[in-house]
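One structure below.
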Amino acid sequence: MRILSGVQPSGKLHLGNYFGAIRQHIDLQDDPANECFYFIADYHALTTLHDAETLRQCSHDVAVTYLALGLDPQRTVFYRQSDLPEVQELSWMLSAVTGMGLLERAHSYKDKIARGITPRVGLFTYPVLMASDILIVQGEMVPVGQDQVQHIEMTQDMAQSFNAAFGREVLRRPEWKLSRTPKVPGTDGSKMSKSYGNTIEIFAQGKALKKSIMGIVTKPIDLGQPLPIENDTVLALYELFASEAEVEEMREGYRSGSMGYGQAKKELLARVDEHFAAARDRREELLQEPDTIEDVLAEGARRAREVARATIEACREAVGMRGRPA
Ligand code: ADP
Ligand code: TRP
C-alpha cells in the first residue's frame with residue numbers, strides 16, 4: 001500500500017505530532033507491503049512562517065527528528081515538499097475544479113482565524129496544496145491526527161472532481177488513518193499545536209522540559225483535596241506513556257486526594273524524559289552530520305519526483321496540455 005504523510009516545519013515537533021502522527025509513520029515502515037512517502041511540508045509552513053533562517057532551521061530539525069525517532073531512509077522515501085515543483089502544478093489544476101464552498105467549510109482555517117492568525121489566500125487554499133501532496137504520489141493511505149481528517153475528506157472530493165471534470169480516473173482516492181491517540185491536548189487543555197504555543201517538545205530536556213510540564217494548566221484545588229479525573233490534561237498526557245495499571249494508580253491518587261497536581265506533573269516529567277532518552281542521543285549524533293541529512297533528502301526528492309512526474313504527465317494529458325519537453 002502507498003502511504004503518505006507530511007509535517008510542517010513551523011516549529012519544534014511536539015508530543016501531539018509524535019503520538020498523533022510520527023509514531024505511526026515509523027511503525028508503518030515495518031510492513032514490507034507498505035511503500036512509505038513522508039515529507040517536510042515547507043510550502044505549507046510559509047502560510048504562517050516568514051523568516052528564511054527559521055524555516056531552514058525548522059526544516060532541518062524536522063528531518064533530524066524523524067531520523068532520530070527511527071525513520072529509515074532505505075525503506076522510506078523522505079523529502080522536502082519544495083523539492084517537488086510538480087506539487088504546485090497539480091495544486092493549480094485542483095484549484096480549478098474545487099468549489100469555494102468546500103474550502104469555506106474547513107475547520108482548521110476557521111480555528112486559525114479565530115485564534116488571530118492573519119487570513120491570507122495561502123492559508124485559505126491550504127487544503128488544495130495538501131490534496132496535491134497526497135495525489136501527486138498517488139497516496140492510498142494517509143496517517144494523520146484527528147485535526148487533519150477533514151483535509152483528507154476534501155482531498156477525496158478534489159480527486160473525484162478532477163476525475164469527473166476530465167472524464168478519466170487519473171487521481172487515486174486516499175483514505176485517512178488515525179493513531180490510537182489522535183488528539184493530544186496541549187498545556188492549556190486545547191489541541192497541542194505549534195500554532196497555539198501550548199506544546200511540550202519531543203526533545204525538550206532539563207529546565208525547558210520542566211517548565212513546559214509544570215506549566216500545564218490545572219484547576220485551583222487545595223492540596224489534599226480529591227481531584228477530578230475527567231478532562232484532566234496531566235492524566236491524558238500520562239496515559240501516553242504509562243501502562244493501564246499505572247494510570248489507574250494515578251487516577252486513584254486523584255480520587256483519594258493523596259496525589260496533588262505537582263506530584264502528578266513530576267511523574268509525567270520523568271516519563272517524557274525517559275521515553276525519548278535514546279532518540280535524544282541519536283539526535284545529538286545526527287546534529288553533527290548535516291551532510292548526511294541533506295543526502296537523505298536529496299535522494300528522497302529524486303525518488304519522489306519520479307512518481308510525481310508520472311502523475312503530472314497523466315494530469316497534463318487529461319486536461320489537454322502537451323507533455324512537457326524534456
Ligand atoms: P501543528 O498543529 O503543531 O502545526 P502539524 O499541523 O504540522 O502540527 O501536524 C503534523 C501531524 O501531527 C498531523 O498529522 C497532525 O494531525 C498531527 N498532530 C498535530 N497536533 C496533534 C495533536 N495535538 N494530537 C494528535 N495529532 C496531532
Ligand atoms: N496539513 C498537515 C498538518 O498541518 C501537514 C500536511 C501537509 C500533510 N500536507 C500533507 C499531512 C499531506 C498529510 C498529507 O498537519
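Could you list all residues from the stretch 86-124 that are among the charged types (D, E, K, R), open to solvent by 20 Å² or more (accessible area, probe 1.4 Å) and not in a loop (DSSP other than H, G, I, E, B)?
Scanning the stretch 86-124 gives GLU89, GLU104, LYS110, ASP111, LYS112.
Pairs please, first residue from the stretch 202-226 and within 20 Å of ALA279 (Cβ to Cβ), second anywhere and polar (S, T, N, Q) and part of a helix (DSSP H, G or I), Cβ atoms under 8 Å, 6+ apart in sequence or on different chains.
ILE202/ASN17; ILE202/THR65; PHE203/THR65; ALA204/SER212
Please enumerate the residues belonging to the stretch 143-179 that are small (Gly, Ala, Ser) and open to solvent by less than 70 Å² (accessible area, probe 1.4 Å).
Of everything in the stretch 143-179, those that are small (Gly, Ala, Ser) and open to solvent by less than 70 Å² (accessible area, probe 1.4 Å) turn out to be GLY145, ALA159, SER161, ALA165, GLY167, SER179.
Among the residues of the stretch 238-293, what is the count of those that are open to solvent by less than 20 Å² (accessible area, probe 1.4 Å), closer than 19 Å to GLY206 by Cα and in a helix (DSSP H, G or I)?
6
Does PRO226 qualify as being more than 25 Å from ALA63 (Cα to Cα) and in contact with a Gly (Cβ under 9 Å, 6 or more places away or on another chain)?
Yes; evaluated as a whole, the condition is true for this residue.
Looking for whichever is modelled with pLDDT of 95 or more, among the acidic types (Asp, Glu) and either assigned to a loop (DSSP other than H, G, I, E, B) or more than 14 Å from ligand 1 (Cβ to nearest atom) (or both) here; the options are ASP72, ASP61. Which one fits?
Selected residue: ASP72, the only one of ASP72, ASP61 that is modelled with pLDDT of 95 or more, among the acidic types (Asp, Glu) and either assigned to a loop (DSSP other than H, G, I, E, B) or more than 14 Å from ligand 1 (Cβ to nearest atom) (or both).
Can LEU55 be described as within 14 Å of ligand 1 (Cβ to nearest atom), assigned to a helix (DSSP H, G or I) and in contact with a helix residue (DSSP H, G or I) (Cβ under 7 Å, 6 or more places away or on another chain)?
yes
Being touching a Lys or Arg at 6+ places or on another chain (Cβ under 9 Å) and assigned to a helix (DSSP H, G or I) is the filter here, so list the residues in the stretch 135-151 that pass it.
Within the stretch 135-151, LEU135, GLN146, ASP147, GLN150 qualify.
For the stretch 129-155, name all the residues that are within 11 Å of ligand 1 (Cβ to nearest atom) and either closer than 15 Å to TYR109 by Cα or of a type in the set (Asp, Glu) (or both).
Listed by number, the residues that qualify are MET130, GLN146, ASP147, GLN148, VAL149, GLN150, HIS151, ILE152.
Does ARG271 fit the bill of being basic (Lys, Arg) and touching a residue at least 60 places away in the same chain (Cβ under 8 Å)?
For ARG271, the condition - basic (Lys, Arg) and touching a residue at least 60 places away in the same chain (Cβ under 8 Å) - is not met.
Filter the stretch 180-222 for residues that are surrounded by fewer than 21 Cβ atoms within 10 Å (Cβ to Cβ) and within 13 Å of ligand 2 (Cβ to nearest atom); which is modelled with the lowest pLDDT?
The residue in question is SER195.
Working carefully through the options GLU267, GLU252, find the one that is at pLDDT 95 or above, among the acidic types (Asp, Glu) and more than 21 Å from MET192 (Cα to Cα).
GLU252
Restricting the search to the stretch 75-122, which residues are of a type in the set (Asp, Glu), away from ligand 1 (no atom under 15 Å from the Cβ) and over 30 Å from ARG280 (Cα atoms)?
GLU86, GLU89, GLU104
Answer yes if at least one residue in the stretch 130-144 is away from ligand 2 (no atom under 16 Å from the Cβ) and out of contact with any helix residue (DSSP H, G or I) (no Cβ under 9 Å at 6 or more places or on another chain), and no otherwise.
Checked against the condition, which is being away from ligand 2 (no atom under 16 Å from the Cβ) and out of contact with any helix residue (DSSP H, G or I) (no Cβ under 9 Å at 6 or more places or on another chain), the stretch 130-144 yields no hits at all.
For the structure I just gave you, tell me whether MET158 is touching a helix residue (DSSP H, G or I) at 6+ places or on another chain (Cβ under 8 Å), modelled with pLDDT of 95 or more, within 28 Å of THR118 (Cβ to Cβ) and away from ligand 1 (no atom under 16 Å from the Cβ).
For MET158, the condition - touching a helix residue (DSSP H, G or I) at 6+ places or on another chain (Cβ under 8 Å), modelled with pLDDT of 95 or more, within 28 Å of THR118 (Cβ to Cβ) and away from ligand 1 (no atom under 16 Å from the Cβ) - is met.
Find all pairs meeting these conditions: Cβ atoms under 6 angstrom apart; at least six residues apart or on different chains; first residue within the stretch 12-41 and closer than 26 Å to TYR196 by Cα; second residue within 13 Å of ligand 2 (Cβ to nearest atom) and open to solvent by 30 Å² or more (accessible area, probe 1.4 Å).
Going by the 6 Å Cβ cut-off, the qualifying pairs are GLY20/PRO182; PHE39/GLY6; ILE40/ARG80; ALA41/GLY6; ALA41/GLN8.
If PRO127 satisfies all but one of (1) over 17 Å from HIS25 (Cβ atoms); (2) assigned to a loop (DSSP other than H, G, I, E, B); (3) under 18 Å from the mean Cα position of the chain (by Cα), what's the number of the condition it fails?
The number of the failed condition is (2).
Give the stretch 1-27 a look and list any residue that's under 19 Å from GLN74 (Cβ atoms) and away from ligand 2 (no atom under 13 Å from the Cβ), or say none.
Hits for the stretch 1-27 are MET1, ILE26, ASP27.
Quick check, is ALA208 assigned by TED's automatic domain parsing to the domain that holds SER256 and either at positive phi or part of a helix (DSSP H, G or I) (or both)?
Yes, satisfied.
The values are calculated or read from the model by the stated rules, or taken from the named source; none is laboratory data. Please read all numbers here as calculations on a predicted model, not as lab measurements. Quick reminder, even Gly has a Cβ in these numbers, built from the backbone with ideal geometry, and neighbours come from all protein chains shown. These accessible areas exclude ligands, DNA and RNA; they are computed on the full protein's heavy atoms, side chains included. Shrake-Rupley method; radii C 1.70, N 1.55, O 1.52, S 1.80 Å.
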